[in-house]
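The values are calculated or read from the model by the stated rules, or taken from the named source; none is laboratory data. As the structure is a prediction and not an experimental result, all values here were calculated from the model. Note that each Cβ is placed from the backbone with ideal geometry, even for glycine, and that neighbours are counted across all protein chains shown. Surface accessibility is based on the protein's heavy atoms, side chains included, excluding ligands, DNA and RNA. Shrake-Rupley method; radii C 1.70, N 1.55, O 1.52, S 1.80 Å.
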Amino acid sequence: AIQLLRNIWLANNKADKALWQQRLADDREQQEHAQRLEEDEQQRADQERANEEEATHKEERKKNKHKYTPILATGIPDDPSITPCSYALRKLDKGEYMELWYFTNDRLDEASTKKTIDDDAMVLSTLVDGSMAWISSASARNARSVINDENLPFVEFCQACP
């Protein structure tokens, strides 16, 4: 009878152990599944956050284009800028028509060598009625040397309009 009880107990114990092992395996599988779902949810949330940040960054770049313009790796410009004579600059400021002759290489070179120290300097000029008057040097020009656009040689035209 003791042997019979012992065999029954061992059989029940083996069945309980197998059931317990099965339960542990099921619990472990459920935990792994829950952990995978949580990781997937976390990845989805991270991806969504990254997409949202990227969209915000794109919108910011679109609004402030100049803020995000790349800076070219160039040196500091140390060459003086080439500008036409003061008379031409004044007419350009006023929005008036300028002959292309003022922008040819020869005229720009001449303007750079004949720059006055003060644009408000006065020069004596003969007016249309023959009288003499003081006018600012910036508004004075030699009308005889100006070449009209239609008479401008093609080479100089190409220089003035690159």
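Annotations
- Stretched out straight at 0.36 nm per residue, the stretch from Ala55 to Gln43 would grow longer than its current Cα-Cα span by 2.5 nm.
- The stretch 1-49 - Debye-derived log10 I(q)/I(0), Cα point model, q = 0.16, 0.22, 0.27 Å⁻¹: -0.62, -0.78, -0.89
- Accessible carbon and sulfur surface of the chain relative to its total accessible area, %, 1.4 Å: 54
- Cβ-Cβ FRET estimate between Trp134 and Ser112, R0 fixed at 30 Å, reported to 0.05: 0.75
- A helix-only calculation puts the chain at -18500 deg cm²/dmol for mean residue ellipticity at 222 nm, using -39500 (n - 2.57) for each DSSP H run of at least four residues, averaged over all residues.
- Net charge dipole size for the chain [Lys, Arg +1 and Asp, Glu -1 on Cβ; Debye, nearest 20]: 540
- Cα centroid separation - the stretch 77-100 against the stretch 38-59, whole Å: 53
- Most fluctuating residue given options Ala88, Ala15, Ala111, as computed from a GNM of the chain linking Cα atoms under 10 Å: Ala15
- 1.4 Å probe accessible area per residue over the chain, in Å²: 87
- Springs join every pair of Cα atoms under 10 Å in this Gaussian network model of the chain, and among Trp134, Trp20, Trp101 the largest mean-square fluctuation is at Trp20.
- Viscosity 1.567 mPa s, 4 °C: Kirkwood-radius Stokes-Einstein D of the chain over Cα pairs, µm²/s: 51
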